[in-house]
Every structure is written in structure tokens, then in C-alpha cells.
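Student: The structure's right below; bear with me while I get my questions together.
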Amino acid sequence: MGVVNFIRNLPGKLYVQLLLWKLNLHNTLSSKSMLSSDGPTLSMTTYGVRFQTAHLSLEAIARGRVRPSRALLFVDDKSLYDNPTKGLQRLVKRGLELHLVENFGPHTKYYPFLELVNDFDRPHATGDDDHIYPKWWLAKLSNAIGKEPMYLHAFRAHRIGLSEDQSTVLPYLEWGPGITEEPSNLNFYTSSMGEIYSPEFLCTAKERGRAFLESCPKNDDLWLTALAIEQNVPISIVDGMNRTFPAIPASQQLTLESTNVFGGYNDVQIKATFTEDILSKLRHLEQKRTN
């Protein structure tokens, strides 16, 4: 059975290795700026073993059809910050900003940007350091929010599930795929595939400050989804299609999934974050869809 699975998965593994080779080559040879004055801003974070391959995710975006106007990589480990990889050094020469910041867990990908910037004059995208994004990744996000700035746009989401009597939220593992046919606040976006926020939403998140540390310190998706529900900002899945992008193999050694999802910590944080007002809105939305 192991041999069969190995053979079945071999084409996908070879494809990922080819992508990584091309990205490394592009990173080594390119002198083109990774920035463009008319693009959205972009931020990521990296840590641990993922620091060694973070340049590949950023390079995938740098070669894209739309490039960010500002690209920031947040690092909370001074030893890593003081010793950037050759790949990151090359990206810094092409416009990447490397910032040493406080550790906010998964919120580190976006929150330091909120404290760093006072006035938001354009949308802001975030991604993860462990995925290979296609050339159209930032273009599709930018186009989506350009057409519908009142929504939060993401490439992947789950649908928040309620119990049969709608009194509580179902366990996270029982949620289904996100609603693709229309934007909805029943969608819970998963940020690893990428998302983009409007300047107005960024202002709201900035105003709330570090309150996420009290209820969901290990889940940035939960915090920002909750803010979207509170502010009546529906979550739209780009192109009406849930997508998964290739992962960088070595980077998967460190993940929150085992703790948050399979360890049940997501459910603890959801209970602490979803207020009665949020639950009331979710019930109303669920009733509208079922009637």
C-alpha cells in the first residue's frame, strides 16, 4: 500500500520540486524589484525551520503579475533576524522589508503592520511562508477587492456550523466547506491560502488593538473573522472556488494544526471569541439560508 501511494503521489511531488527549483533560480538571478507602486501592501511572518525557505513563498509573489507596493516580513527571533538567509538577503535588495517584532503567534503575520502604519490608503494582503503561490495570486486578490471593496476576500473558507437548535457553534472539525456562491458572514476564512483586507477593515482591526490575546492568541483567522461578523463585512471566496496551493515540504514540520484543530484548541478559542451578539448574527444568517 505504501508503494502504491508513493507512486500515486510522485507526480505531485515532482511538480512541487520543479516549482521550488524555478523559484530558487529566479531568486538567485533576478534583480527586478519585487515592488510596484500601484499594488496593495503585503505582510508575512516566519519562524523556526520555516525561516530557511520563507524566501520561496515571497519569491513566488515577487514574480507575480501584480506585485505589492510594500512587502514586509516580520520575524520575532533576533538570532534569525540578524542572520537572514541568502534568499532573503537578495529579496531585501529588491525591496523586501525585514522587521524584528514582538511575538504575537499567528497574528504576527498582520498585527505588527497595524501598529506600524497610521493611515491605510490601500488594501493589505497576507499569506503564509509555507506555500507556493501562483503568479496570479496577488492579481486575483487585488482585482477582487477592487471590484467589491466592502468584502473581505480569501481563497479558502469553511462554513461556520451551528447545532441543530442553533444554540451553539458546532466543533470546528464538523464544519463544512465555505459558501462559494455569494459572500457570507457564515464563512470562516483560512488565511494560509491568502486574503486581502480593505483600508476600512484595517482601521477597525487597529482600533481593537491587542484584544485578541485574551480570547484567541493562537488563531488569527478566528479573530479577524469575528471582527468581520461584528462589522457586517461578508467574507467572499475568490472566484467562487475554494483553493489549496502547494506547500513547501520542509516548512510543514511546524504547524498549529495539531494543536488548534486536532487538539481541540480551536473550539476553546471560538467559544471565548464568539460573543452572544456574533452568535445572534450567525443564527439570523443561518435562518435566512434555510428558509
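The values are calculated or read from the model by the stated rules, or taken from the named source; none is laboratory data. Everything numeric in this text was worked out from a predicted model, so none of it was measured. Methodologically, a virtual Cβ is constructed for each residue, glycine included, from the backbone with ideal geometry; neighbour enumeration extends over all protein chains shown.
Student: With the structure loaded, tell me whether ARG159 is closer than 21 Å to GLU286 by Cα and either out of contact with any strand residue (DSSP E or B) (no Cβ under 7 Å at 6 or more places or on another chain) or surrounded by fewer than 20 Cβ atoms within 10 Å (Cβ to Cβ) (or both) or whether it fails that test. I'd like the intermediate steps shown before the answer.
Tutor: Values: closer than 21 Å to GLU286 by Cα: yes; either out of contact with any strand residue (DSSP E or B) (no Cβ under 7 Å at 6 or more places or on another chain) or surrounded by fewer than 20 Cβ atoms within 10 Å (Cβ to Cβ) (or both): yes.
Yes, satisfied.
Student: Would you mind finding the one in VAL101, VAL117 that is in contact with a strand residue (DSSP E or B) (Cβ under 6 Å, 6 or more places away or on another chain), of a type in the set (A, V, I, L, M, F, W, C) and farther than 26 Å from PRO246 by Cα?
Tutor: Selected residue: VAL101, the only one of VAL101, VAL117 that is in contact with a strand residue (DSSP E or B) (Cβ under 6 Å, 6 or more places away or on another chain), of a type in the set (A, V, I, L, M, F, W, C) and farther than 26 Å from PRO246 by Cα.
Student: Follow-up question, since we're still on this one. Can you pull out every residue in region 189-204 that is closer than 24 Å to ARG50 by Cβ, in a helix (DSSP H, G or I) and of a type in the set (A, V, I, L, M)? Full working, then the answer.
Tutor: Let us first name the residues in region 189-204 that are closer than 24 Å to ARG50 by Cβ, namely 189-197.
Of the ones still in play, those that are also in a helix (DSSP H, G or I) are 191-193.
The one that is closer than 24 Å to ARG50 by Cβ, in a helix (DSSP H, G or I) and of a type in the set (A, V, I, L, M): MET193.
Student: Tell me which of these LEU29 doesn't satisfy, since it passes every other one: (1) crowded, with 16+ Cβ neighbours inside 10 Å; (2) without any contact (Cβ under 8 Å) to a residue 12 or more places away in the chain.
Tutor: Among (1) crowded, with 16+ Cβ neighbours inside 10 Å; (2) without any contact (Cβ under 8 Å) to a residue 12 or more places away in the chain, LEU29 violates only (1).
Student: If you don't mind, another one. Pick from region 167-185 the residues that are within 20 Å of ALA272 (Cβ to Cβ) and in a loop (DSSP other than H, G, I, E, B): which of them is nearest to the chain's Cα centre (by Cα)?
Tutor: ASN185
This table checks each residue for (1) surrounded by fewer than 16 Cβ atoms within 10 Å (Cβ to Cβ); (2) touching a helix residue (DSSP H, G or I) at 6+ places or on another chain (Cβ under 9 Å); (3) at pLDDT 95 or above; (4) farther than 24 Å from ARG67 by Cβ.
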| site | (1), (2), (3), (4) |
| --- | --- |
| TYR189 | no, yes, yes, no |
| GLU195 | no, yes, yes, no |
| SER198 | no, yes, yes, no |
| THR204 | no, yes, yes, yes |
| GLU214 | yes, yes, yes, yes |
| GLY240 | yes, no, yes, yes |
| GLN253 | yes, yes, no, yes |
| ILE270 | no, yes, yes, yes |
| LYS281 | no, yes, yes, yes |
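Student: Tell me the residue from SER215, SER184 that is free of Cβ contacts under 8 Å to residues at least 60 places away in the same chain and of a type outside the set (Phe, Trp, Tyr), please.
Tutor: Checking each option against the conditions leaves just SER215.
Student: Somewhere in region 76-97, is a residue under 20 Å from ILE237 (Cα atoms) and either modelled with pLDDT under 95 or out of contact with any Lys or Arg (no Cβ under 8 Å at 6 or more places or on another chain) (or both)?
Tutor: no
Student: Looking at ARG50, ARG67, ARG90, ARG94, which is the one that is closer than 30 Å to GLN269 by Cα and surrounded by 16 or more Cβ atoms within 10 Å (Cβ to Cβ)?
Tutor: Going through ARG50, ARG67, ARG90, ARG94 in turn, the sole match is ARG50.
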